[in-house]
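Reading through the structure tokens given below for one structure.
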Amino acid sequence: MIIVTGGAGFIGSNLIATLNSLDRADIILVDDLSDAAKIQNISDLAIADYLDKDDFRKEIISSGLPGNVSAVFHQGACSDTMASDGRYVMEVNYEYSKVLLGACIEKGVSMIYASSASVYGSNGPFDEALENERPLNAYAYSKTLFDRYAFARRRGLSSQIVGLRYFNVYGPREAHKGRMASVAWHLTHQYFETGSVRLFEGSGGYQAGEQRRDFIHVDDVIQANLYFLNNPEKSGIFNVGTGSAQSFNDVALAVINACRKIDGEPRLSLEDACRDGLLSYFPMPEALQGKYQSFTEANIDRLKAAGFSNPCDNVEQGVGRYAGGLYSELKGETQE
């Protein structure tokens, strides 16, 4: 039996979908479905049982994990980097995770959990080292603190504990995230609604749209999770990205050209897209100034050293495929 917390969320639901494709349905899905929109993520999934996250926490405090559980994928979290209620973020992301970690250690169950590249702050370097951790908000701090706590607890133990520091993940089943959905999701919707897209003006020493991040398709993130499930002797904290930063302009152009392909229109260059008004720029909101990562790029040497060497899609491949599928869905919905 496998437990997936946050199983109705973006990465959790994609993880369960992939497990289903591998003929695994012995899955307990744990989540908070107060936001009923997340049900769209799980209506096509096969699971053994569902538990509300608060009921699950009470159960493991009183009785521990079920005896037939072999692994826990802990994807549940408050992922809003703009959240202002620090107590809530720490309760959901830190205290809850500590309880679950203790239950996994007690039963010798593998725990593979979602950390975040946000722990590195605005400038990096993006290597898995304590001195590089500079969290800028409550979300990032909660992830940083749990990483440190988890591996302090593991000393002298054999239980598998894996923390995966996700970089900028995009892909299907993220619509419920709203403003926290990926830039690829937002740009595709912008193009569908207006026939054009917008990005932030220059920041952090970068020209307009040239801020660069390590964008990774959710399918590649899932493969990293499954690699550690299948290699329970491996533990540690690992960056999960492509290892190569690309610009927001690259993402915007991939979206524009994917949508244009669906519409039977020719590809455009960046210059053409700007000239024709399909891509424009606007000032960064004041709330983001000083808290925005203008550059991220995963050092994936440690991940590769652990044996994970799956090639990841670049922006042109991954965003192009995702935006094309999403745009087709949006067009189909309007025609029904």
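Every number in this text was worked out from the coordinates using simple rules, so none of it is lab data. Bear in mind the structure is a predicted one, so any value in this text is a computation, not a measurement. Please note: Cβ atoms are built from the backbone with ideal geometry, for glycine as well, and neighbour counts cover all protein chains shown.
Rounded to the nearest 500, what is the 222 nm mean residue ellipticity of the chain from helices alone, with -39500 (n - 2.57) per DSSP H run of 4+ residues and division by all residues?
Result for the chain, helices only: -12000 deg cm²/dmol.
Rg(Cα) of the chain divided by 2.2 N^0.38 Å?
1.00
Would you mind giving the average projected area, over all directions, of the Cα convex hull of region 1-136 in nm² with one decimal?
Result: 9.3 nm².
If amide hydrogens are placed 1.01 Å from N in the peptide plane, which non-local residues have theirs closer than 5 Å to the one on Ile27?
Ile2, Ala48, Asp49
Sort Phe73, Phe238, Phe151 so the one with the fewest other Cβ atoms within 10 Å of its own Cβ comes first.
Phe151, Phe238, Phe73
Counting only other residues whose beta carbon sits under 12 Å from that of Asp127, what net charge do I get with K and R as +1, D and E as -1?
Overall, the nearby charge balance is -3.
Translational D (Stokes-Einstein, µm²/s) of region 64-158 at 20 °C and 1.002 mPa s when Rh comes from the Kirkwood sum over C-alpha pairs?
Approximately 152 µm²/s, per Stokes-Einstein.
For all pairs of alpha-carbon atoms in region 35-114, what percent lies in each bin of width 5 Å, listed from the first bin to the last filled one?
Spelled out per bin, shortest first, that is 3, 12, 21, 24, 19, 14, 6, 1.
Where in region 204-230 does the label zone of Ser309 land, with the point 7 angstrom along Cα→C-beta and an amide N cut-off under 17 Å?
From region 204-230, the list is 224, 227-228.
Label region 160-225 by shape, choosing from rounded, prolate and oblate, from the square roots a ≥ b ≥ c of the eigenvalues of the Cα gyration tensor; if a/c is under 1.5 it is rounded, and otherwise prolate applies when a/b is larger than b/c, oblate when it is not.
oblate
Have a look at the DSSP beta bridges in the chain and tell me what percent are antiparallel, nearest 5.
Beta bridges within the chain, antiparallel portion: roughly 10 percent.
So what is Rg over Rh here for region 231-325, counting just Cα atoms and using Kirkwood for Rh?
1.09
Shape call for region 285-329 from the C-alpha gyration tensor, a ≥ b ≥ c root eigenvalues: rounded (a/c under 1.5), prolate (a/b greater than b/c) or oblate?
Oblate shape, in that a/c is at least 1.5 and b/c is the bigger or equal ratio.
Taking the convex hull of the Cα atoms, report for region 111-200 its projected area averaged over all directions, in nm².
7.6 nm²
With springs only between Cα atoms under 10 Å apart, run a GNM on the chain and tell me which of Asp220, Asp23, Asp301 wobbles the most.
Asp23
Using a cut-off of 13 Å between alpha-carbon atoms, which aspartates and glutamates can reach Lys177, once sequence neighbours fewer than 8 places away in the same chain are excluded?
Partners found: Asp35, Asp80.
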